[in-house]
Amino acid sequence: MDDEELIKEFIRAERRGNGVEITVCEIEWPTPSEPVPHWTVVTQLPLDASEAQIDTAVRSVLDGPRFFSVCATCRERNPNGWMHDAEVCQGCSGAVY
């Protein structure tokens, strides 16, 4: 997935009554074969935030290591829930999930 696809699938910016919420989809694995997504509020912007401010906030979530990592093997950015460990994505690890 490229960055635009990751943003579309895993990051939301929604205007609410009191501001713009930036949320990210985190993926947890309670069992090895059962991913469970949940949405976490990362930050809030003022209701009058510009599209440029919102885009900057969204891209900072994508670029930060808290939610996304780059695989050392394939060099693709992935949600941390799709990483096998801190360095390698599930696809490059050779593990079967």
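The values are calculated or read from the model by the stated rules, or taken from the named source; none is laboratory data. Source: prediction; values computed, not measured. Ideal geometry is used to build each Cβ from the backbone, glycine not excepted, and the neighbour counts take in all protein chains shown. Just so you know, the surface numbers come from the protein's heavy atoms only, side chains and all, with ligands and any DNA or RNA stripped out. Shrake-Rupley method; radii C 1.70, N 1.55, O 1.52, S 1.80 Å.
Estimated at the nearest 10 Å², the accessible area of residue 31 is 50 Å² with a 1.4 Å probe. A convex hull fitted to the Cα coordinates of the stretch 1-57 yields 84 cubic angstrom per residue. The heavy atoms of residue 88 offer some 30 square angstrom of accessible surface to a 1.4 angstrom probe. Of the listed residues 38, 84, the order by accessible area with a 1.4 Å probe, largest first, is 84, 38.
The mean sequence distance of close C-alpha pairs (under 8 Å, at least 6 residues apart), as a share of the length of the chain, puts its relative contact order at 25 percent. Among the trypsin sites (Lys or Arg not before Pro) in the chain, those located in a DSSP loop and surrounded by at most 16 other Cβ atoms within 10 Å of their own Cβ are 66, 75. Under 5 Å between amide hydrogens, built in the peptide plane, is the criterion, and for residue 69 it picks out 78, 80 among residues at least 5 positions away or on other chains.
Estimated at 0.36 nm per residue, the fully extended path between residue 70 and residue 18 surpasses their Cα-Cα distance by 15.3 nm. Taking the chain as a Gaussian network of alpha-carbon nodes connected by springs under 10 Å, the highest mean-square fluctuation of the residues 36, 70, 61 belongs to 36.
Stokes-Einstein diffusion for the chain, with the hydrodynamic radius set to the Kirkwood value over Cα pairs and evaluated at 4 °C in a medium of 1.567 mPa s, equals 91 µm²/s. Enumerate the residues in the stretch 4-25 having an amide nitrogen under 14 Å from the point lying 7 Å beyond the Cα of residue 55 toward its Cβ. Within reach of a label on residue 55: 4. Overall, the anisotropy analysis places the stretch 25-77 in the oblate class: the square-rooted eigenvalues a ≥ b ≥ c of its C-alpha gyration tensor yield a/c not less than 1.5, with a/b not exceeding b/c. Backbone phi angles across the stretch 60-76, fed through the Karplus curve with coefficients 6.51, -1.76 and 1.60 (θ = phi - 60°), yield HN-Hα couplings of 5, 5, 5, 7, x, x, 5, 10, 9, 9, 9, 5, 5, 8, 8, 6, 9 Hz in residue order; Gly and Pro are listed as x.
Within the accessible area of the chain, the carbon and sulfur atoms contribute 51%, probe 1.4 Å, all protein chains present.
Computed extension gain for residue 33 through residue 1, at 0.36 nm per residue and net of the alpha carbon distance, reaches 9.4 nm. When 47, 6 are compared by accessible surface with a 1.4 Å probe, the order from highest to lowest is 47, 6. Springs between Cα atoms under 10 Å define the GNM used for the chain, and in it the highest mean-square fluctuation of 30, 65, 46 occurs at 30. With runs of 4+ DSSP H residues as the only contributors, calculate the mean residue ellipticity of the chain at 222 nm using -39,500 (n - 2.57) per run, divided by the residue total and rounded to the nearest 500. Estimated from H runs of four or more residues: -7000 deg cm²/dmol.
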